[in-house]
């Protein structure tokens, strides 16, 4: 199959996406005529950005009724996505060709070879478009602007190219499907090596060689994909967790349960919220969902976690305690218990921490901002770049990722309906102020003064949070001379009412001070950038390898620790075809880095710089401060990673996109 090659005929155009003015104003500062113009613009925008709570896959969640044209992806984004996608498709086709050669798949080799030729044609056509649009990379983190251009192109030509790229994206998605590959692995003994072999042309993740180590299992609690769940135990273990003092002492040398409790050195994961999942099926295969409890400790004089015990369910009468053991008759039972935790963690991560608490929360702010803040409002100018791509990518998730027959339905433990409702419940229960980073760390008892000294997510996130907060404070203070300016801002008041009402953001209310407004802006910007980066990008490095973290168990959890072997453990893991689907989806989601934090650009070709107010952009302005501060944060995290047992790169500003665009 051939693909059209676009002509290289540059032209010029003017961006159509709204841009902030050189002098943003508050509504109370405007003349009656200017206020009327604001109102007219908002009325027009409200006709485009509308609410619905009737998206079938996420019922009850306030979302946009449609994706406005200004929220569609840029050519630069498509070029990155297609490049990543082609690498994944070529890998999957290599695996499928291997399955044909082994007699596991009935499809003819010629079909897969033709698909590889399609990939070459798509790549060539996309490269032509990229060249015409001057897509490039290079420079430091603030000069490296993916999608920067040398020449503008006509709007009609841009639309034609977007249509081509959209078609390529859809074809790549079709080529990623695994429906015809269910025989993969049927003639190959189940092994970790066989799962590694699914990375036929892609680099094999390092986690595949480390995930069985107990130290790695503990490390994932503080720098893995879902490292926002670990919490201090408090004064006593939960009543439904059946660990004895003797069991604890046998695991943590030179320590006692009483001393660990008194010192605040015990930390816990409790997956009880996953009880809302109804176990699903895939074809004739049953899937298993669990709600384990896992205990970790910081040993006396230590700084990092060690695993202590796992209970594979909530009722100790049904689920005995498993503890680390090198004994041959207990070893594989312990590995199976760790797998139970990792399945629960995969569900908690994807449905709660990722989808509900970043994607869906930020969509509410995006729609509310467009509907209630005029395009001359300074807070509109501050926040809108942090919403780029979010409505589009959320629409994609709602219609394919978390839909019946989609990857969540295939890979994860619950029926698709129960998985959808779990995400809905988590989004509607999200408390805005309680989830601000400092408050969340304090509530979980894992702040910088806790016994948990080694917590890379916390330490790096606080660096980024504090930097964003100072940027927000300086910016807010430019436009609001006093708290009275905040309370007198009628658009801001309607924005807050919308967020508390139509948008269903729990805990939101009236905004009464500059300090509060800066904190709100910090939370929105942090969630859309750093928090999403922390939950999204580990998907490639850690979750793409199914034995490390996956969405479902495929055999029942053990009822006791003794008497299990390696085949019992391997039998809990997903079929090879679903492991390949997991690889495809999470490799894609974890590989697209578009526009780093601190790089503010319009999303309209030719992507001019966003802020126009010289008070913001000047050498002594807050934007220059923010960009310089992010460079300092980058250097500090790089230095920290050089000293860590395992690096934690996900909160380096150069690797944090400005918005949720994947």
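The values are calculated or read from the model by the stated rules, or taken from the named source; none is laboratory data. Keep in mind that what you see is a predicted model, and the values were worked out from it rather than measured. Methodologically, a virtual Cβ is constructed for each residue, glycine included, from the backbone with ideal geometry; neighbour enumeration extends over all protein chains shown.
With buried (at least 19 other Cβ atoms within 10 Å of the Cβ), touching a strand residue (DSSP E or B) at 6+ places or on another chain (Cβ under 8 Å), in contact (Cβ under 8 Å) with a residue 12 or more places away in the chain and closer than 30 Å to residue 421 by Cα as the only criterion, which of 233, 298, 252 stands out?
Answer to the selection: 233.
Taking region 206-215 only, how many residues are outside any loop (DSSP other than H, G, I, E, B) and free of Cβ contacts under 8 Å to residues at least 24 places away in the same chain?
Residues meeting the conditions: 1.
Each row is one residue, and each column tells you yes or no for (1) farther than 30 Å from residue 327 by Cβ; (2) out of contact with any helix residue (DSSP H, G or I) (no Cβ under 8 Å at 6 or more places or on another chain); (3) assigned to a loop (DSSP other than H, G, I, E, B).
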{"site": "185", "(1), (2), (3)": "yes, no, yes"}
{"site": "189", "(1), (2), (3)": "no, yes, yes"}
{"site": "219", "(1), (2), (3)": "no, yes, no"}
{"site": "250", "(1), (2), (3)": "no, yes, no"}
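Just give me the residues in region 255-266 being surrounded by fewer than 19 Cβ atoms within 10 Å (Cβ to Cβ) and either in contact with a strand residue (DSSP E or B) (Cβ under 8 Å, 6 or more places away or on another chain) or at pLDDT below 95 (or both), in sequence order.
264
For the structure I just gave you, tell me whether residue 646 is over 30 Å from residue 157 (Cα atoms), surrounded by fewer than 17 Cβ atoms within 10 Å (Cβ to Cβ) and under 21 Å from the mean Cα position of the chain (by Cα).
yes
Quick one: which of 510, 484 is farther than 28 Å from residue 650 by Cα and assigned to a helix (DSSP H, G or I)?
It is 484.
Working carefully through the options 630, 597, 623, find the one that is at pLDDT 95 or above and closer than 29 Å to residue 87 by Cα.
The match here is 597.
Being in a loop (DSSP other than H, G, I, E, B), at pLDDT 95 or above and within 29 Å of residue 548 (Cα to Cα) is the filter here, so list the residues in region 228-243 that pass it.
The answer is 228, 229, 230, 233, 237, 238, 240, 241, 243.
Pairs, please: C-beta under 7 Å, at least 6 apart or cross-chain, first residue within 13 Å of residue 370 (Cβ to Cβ) and in region 65-86, second part of a helix (DSSP H, G or I)?
67/391; 67/392; 67/395; 68/48; 71/391; 71/392
Among the residues of region 320-348 satisfying the criterion of being outside any helix (DSSP H, G or I) and in contact (Cβ under 8 Å) with a residue 24 or more places away in the chain, which is surrounded by the fewest Cβ atoms within 10 Å (Cβ to Cβ)?
Top of the filtered list is 325.
Please work out if residue 302 is under 33 Å from the mean Cα position of the chain (by Cα), assigned to a loop (DSSP other than H, G, I, E, B) and either at pLDDT below 95 or closer than 26 Å to residue 646 by Cβ (or both).
Spelling it out, residue 302 is indeed under 33 Å from the mean Cα position of the chain (by Cα), assigned to a loop (DSSP other than H, G, I, E, B) and either at pLDDT below 95 or closer than 26 Å to residue 646 by Cβ (or both).
Would you point out which residue out of 203, 225 is under 21 Å from the mean Cα position of the chain (by Cα) and part of a loop (DSSP other than H, G, I, E, B)?
Among 203, 225, only 225 is under 21 Å from the mean Cα position of the chain (by Cα) and part of a loop (DSSP other than H, G, I, E, B).
Among the candidates 533, 571, 503, 552, single out the residue that is touching a residue at least 12 places away in the same chain (Cβ under 8 Å), surrounded by 21 or more Cβ atoms within 10 Å (Cβ to Cβ) and under 18 Å from residue 287 (Cβ atoms).
After ruling out the rest, the residue left standing is 552.
Here is a check on your reading of the model: is residue 292 surrounded by fewer than 24 Cβ atoms within 10 Å (Cβ to Cβ) and either in contact with a helix residue (DSSP H, G or I) (Cβ under 8 Å, 6 or more places away or on another chain) or at pLDDT below 95 (or both)?
no
Quickly run through region 411-435 and pick out the residues that are under 17 Å from the mean Cα position of the chain (by Cα), under 18 Å from residue 500 (Cβ atoms) and either outside any helix (DSSP H, G or I) or free of Cβ contacts under 8 Å to residues at least 40 places away in the same chain (or both).
Listed by number, the residues that qualify are 430, 435.
Answer yes or no as to whether residue 583 is farther than 25 Å from residue 362 by Cα and at pLDDT 95 or above.
Taking the combined requirement at face value, the residue satisfies it.
Going by the structure shown, is residue 430 closer than 22 Å to residue 586 by Cβ and surrounded by fewer than 22 Cβ atoms within 10 Å (Cβ to Cβ)?
no
Among the residues of region 103-123 satisfying the criterion of being closer than 18 Å to residue 168 by Cα and touching a helix residue (DSSP H, G or I) at 6+ places or on another chain (Cβ under 6 Å), which is surrounded by the most Cβ atoms within 10 Å (Cβ to Cβ)?
122
Among the candidates 469, 377, which residue alone is touching a residue at least 12 places away in the same chain (Cβ under 8 Å), out of contact with any strand residue (DSSP E or B) (no Cβ under 9 Å at 6 or more places or on another chain), within 27 Å of residue 637 (Cα to Cα) and buried (at least 17 other Cβ atoms within 10 Å of the Cβ)?
Answer to the check: 469.
Kindly indicate which of 602, 591 is at negative phi, at pLDDT below 95 and touching a helix residue (DSSP H, G or I) at 6+ places or on another chain (Cβ under 9 Å).
602
Is it true that residue 273 is modelled with pLDDT of 95 or more and outside any helix (DSSP H, G or I)?
Criteria not met by residue 273.
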